[in-house]
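Shown next, in structure tokens, is the structure this report addresses.
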Amino acid sequence: MLSRQDREQYFQEVLAHERAIGHKIHELFQAMQDSELRGSVDEVLLDESKHSSFSILLYGVLQGVFEEESQAYSFIRKFLDSILPGTEHTEKRRCVREPLLGLATMCDLESGEVYHVRCMDISPTGVGIENDKAIPVGRSYSLEIKLYRHATVMERIGRLVWVKEVIPGTYIGGIRFEEHLN
Amino acid sequence: MDKKQNIIRLLDECLKLEDEAIPLYTKYLEDPEFFEDVSPQDVDRVKKALMTLVQDSRSHRRIFESLQIKVKETFKDAQ
């Protein structure tokens, strides 16, 4: 018989997969926007109207796919947060987190060790991260956070409060901000 | 790696992820035991959410396949 933990495990797997798709689409979108490639695409096409139409079509289609994936992830994340059993981490949060994807660099303030992680949600008081390895908990890190939806990089100091392996080889964690740097 | 080959590789990876998504999202849709102690309202909402993800995955898969064909054709013409 399936337990509550089995159900939570399954939905964590669904969310992790959705995040993986979101990150991969963004990586593809960045590659397609490369000016060199855009120039190559334009060179091939003979008709001037097809040059710009084809490029716009490609970028527009990818942007639409990214938007749909983002909306689906946001919807299912918020919904599942509402039905999953409360954890000590969610109950202690001061602000609701928006399920926005992005990338972050974490630098351990003591050891200087650097980790490149993925962002899975954010609020004024903290950020949720995802990584393929566990990161030491209880330590302070300087953070550079680049969300896909925002042009600017956020700089913060934060403490990693918790880490959990949700599916084999995938760790999620919560960082509480301690300072703004910009 | 050549940037154009990189795009083809990324499209392959997107396709693989979408292919993996569909069996994952449909895994428990018809399993009454999975939703045994969940309210009927929540069951309905969960199933609708998962089906939306499935439909989106199918649609996105078609888009990625079309993009892959277009990108390969474009690079072939350039050679």
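The values are calculated or read from the model by the stated rules, or taken from the named source; none is laboratory data. No experiment lies behind these values; they were computed from the predicted model shown. A quick note on method: Cβ atoms are made from the backbone with ideal geometry, for glycine too, and the neighbour counts reach across all protein chains shown. Quick note on the areas: whole protein, heavy atoms, side chains included, nothing else; ligands and nucleic acids left out. Shrake-Rupley method; radii C 1.70, N 1.55, O 1.52, S 1.80 Å.
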Residue within segment B:5-26 that is within 26 Å of A:TYR10 (Cα to Cα) and among the aromatic types (Phe, Trp, Tyr) present: yes
Candidate set from segment B:32-43 (those that are in a helix (DSSP H, G or I) and within 8 Å of chain A (Cβ to nearest Cβ)); member that is modelled with the lowest pLDDT: B:ASP42
Residue selected from segment A:138-157 under the condition in a strand (DSSP E or B) and farther than 20 Å from A:ARG19 by Cβ, by the criterion least open to solvent (accessible area, probe 1.4 Å): A:TYR141
Segment A:124-137, residues that are open to solvent by 10 Å² or more (accessible area, probe 1.4 Å) and touching an Asp or Glu at 6+ places or on another chain (Cβ under 8 Å): A:ALA134, A:PRO136
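Is it fair to say B:LEU11 is touching a residue at least 24 places away in the same chain (Cβ under 8 Å) and at the interface with another protein chain (Cβ under 7 Å from one of its Cβ atoms)?
Working: touching a residue at least 24 places away in the same chain (Cβ under 8 Å): yes; at the interface with another protein chain (Cβ under 7 Å from one of its Cβ atoms): yes.
Judged against the criteria, B:LEU11 is a match.
In segment A:108-134, what residues are acidic (Asp, Glu), closer than 19 Å to A:VAL14 by Cβ and without any contact (Cβ under 8 Å) to a residue 40 or more places away in the chain?
Start the filter on segment A:108-134 by keeping residues that are acidic (Asp, Glu), which leaves A:108, A:110, A:113, A:121, A:130, A:132.
Then keep just the ones that are closer than 19 Å to A:VAL14 by Cβ; that gives A:121, A:130, A:132.
Answer for segment A:108-134, where residues must be acidic (Asp, Glu), closer than 19 Å to A:VAL14 by Cβ and without any contact (Cβ under 8 Å) to a residue 40 or more places away in the chain: just A:ASP132.
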Filter result (within 28 Å of A:GLN33 (Cβ to Cβ), of a type in the set (A, V, I, L, M, F, W, C) and either outside any helix (DSSP H, G or I) or open to solvent by 60 Å² or more (accessible area, probe 1.4 Å) (or both)) within segment B:49-77: B:ILE69
Index of the failed condition, A:VAL117 passing every other in (1) modelled with pLDDT of 95 or more; (2) farther than 14 Å from A:LEU101 by Cβ; (3) surrounded by 14 or more Cβ atoms within 10 Å (Cβ to Cβ): (2)
Test: residue in segment B:50-63 that is over 20 Å from the mean Cα position of the chain (by Cα) and either more than 10 Å from chain A (Cβ to nearest Cβ) or among the acidic types (Asp, Glu) (or both): no
Test for B:VAL46: is it in a helix (DSSP H, G or I), more than 8 Å from chain A (Cβ to nearest Cβ) and surrounded by 12 or more Cβ atoms within 10 Å (Cβ to Cβ): no
Residues of segment B:14-31 that turn out to be closer than 26 Å to A:LEU2 by Cα, more than 9 Å from every other protein chain (Cβ to nearest Cβ) and either part of a helix (DSSP H, G or I) or open to solvent by 80 Å² or more (accessible area, probe 1.4 Å) (or both), as a count: 5
